[in-house]
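One structure below.
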Amino acid sequence: MEEIIYYCFLISFLFFLILKLKSELHIFQLNSYRNIRYWRWHKKNFFNLKNNVSNGIMMLSTIFIFLELYIFSSIILILLFNFFIIKFIRKKYKKKLVFTKRATRLFITQIILSFLYLSFIFTKDFSNLNVLYIIIFVIFIFAISIIANIVVSPIEIYINNWYYKDAKKNLKSNPNLLIIGITGSYGKTSTKHFLKRILSEKYNVLITPGSYNTTMGVVRTIREFLNSTHQIFRAAFGDF
């Protein structure tokens with residue numbers, strides 16, 4: 001009986017883990033892969049009702065652990081993991097996760113770090129400490145994403161610097177290009193399209209696509225779309 005529960009727990013947890021890490025990656029992407037923004041998001045949402053209920057159930061499970069009822073605690077967690085698996089699968093997002101090369105590198109690093117941690121606690125001898133360590137891991141799983149981002153940051157810095165230099169070369173190859181920047185808290189996107197419509201009557205204008213609203217988005221626009229026929233390049237200062 002214990003062995004069956006062990007494998008049910010293991011399978012449920014691994015499915016939950018992959019989907020949870022994917023969800024954390026999505027949050028990280030929405031926060032521009034910045035640790036401070038990601039941490040602030042979690043700090044703001046850590047004590048909301050949804051997290052309070054799930055964390056409360058997991059903390060309740062620790063009571064059964066200390067009462068040496070870890071099998072009962074495992075069953076509770078199996079049900080909770082499966083509930084979240086269904087929830088992750090059914091959830092609809094306004095802005096979906098995009099598996100860019102950067103996101104893929106971060107996701108792989110998240111998985112590697114998670115399994116390194118789990119390799120130390122998952123053993124054949126399923127005990128109350130195993131379940132306790134899993135509970136702690138799930139509650140503070142956002143720390144894995146932060147550590148993973150720190151681990152891959154040297155690689156990302158190197159890649160970004162290469163892209164910056166390549167974009168600069170592209171700009172230098174078009175010395176007559178007029179660059180227009182618009183700053184402000186609101187209305188940059190609408191102003192961008194309004195200006196393009198006016199200027200396009202006479203000039204060949206390039207603007208950053210709506211989804212390219214970060215520094216690397218501007219760099220990507222320059223590298224992939226800017227050519228010698230363009231006369232004006234329009235980007236918001238907020239993009240930088």
Exercise for the section: Looking only at the range 89-113, count how many residues are assigned to a helix (DSSP H, G or I) and loosely packed, with under 15 Cβ neighbours inside 10 Å. Expected result: 6
Exercise for the section: Give the residue that is farthest from the chain's Cα centre (by Cα), with candidates limited to residues of the range 1-28 that are among the aromatic types (Phe, Trp, Tyr) and buried (at least 18 other Cβ atoms within 10 Å of the Cβ). Expected result: PHE9
Exercise for the section: From the list LEU116, LEU132, LEU171, LEU195, pick out the single residue that is within 26 Å of the chain's Cα centre (by Cα) and either at pLDDT below 85 or assigned to a helix (DSSP H, G or I) (or both). Expected result: LEU116
Practice task
Would you check which residues across the range 90-105 are out of contact with any helix residue (DSSP H, G or I) (no Cβ under 9 Å at 6 or more places or on another chain) and modelled with pLDDT of 90 or more and list them?
Solution key: THR104
Completion exercise
Picked from the range 133-161 (must be among the polar types (S, T, N, Q) and farther than 20 Å from PHE120 by Cβ), the residue surrounded by the fewest Cβ atoms within 10 Å (Cβ to Cβ) is ASN161
Practice task
Name, by its number, the condition in (1) over 30 Å from PHE9 (Cα atoms); (2) touching a helix residue (DSSP H, G or I) at 6+ places or on another chain (Cβ under 8 Å); (3) at pLDDT below 90 that does not hold for ILE155.
Solution key: (3)
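The values are calculated or read from the model by the stated rules, or taken from the named source; none is laboratory data. No experiment lies behind these values; they were computed from the predicted model shown. Backbone-built Cβ (ideal geometry, glycine too); neighbour counts: all protein chains shown.
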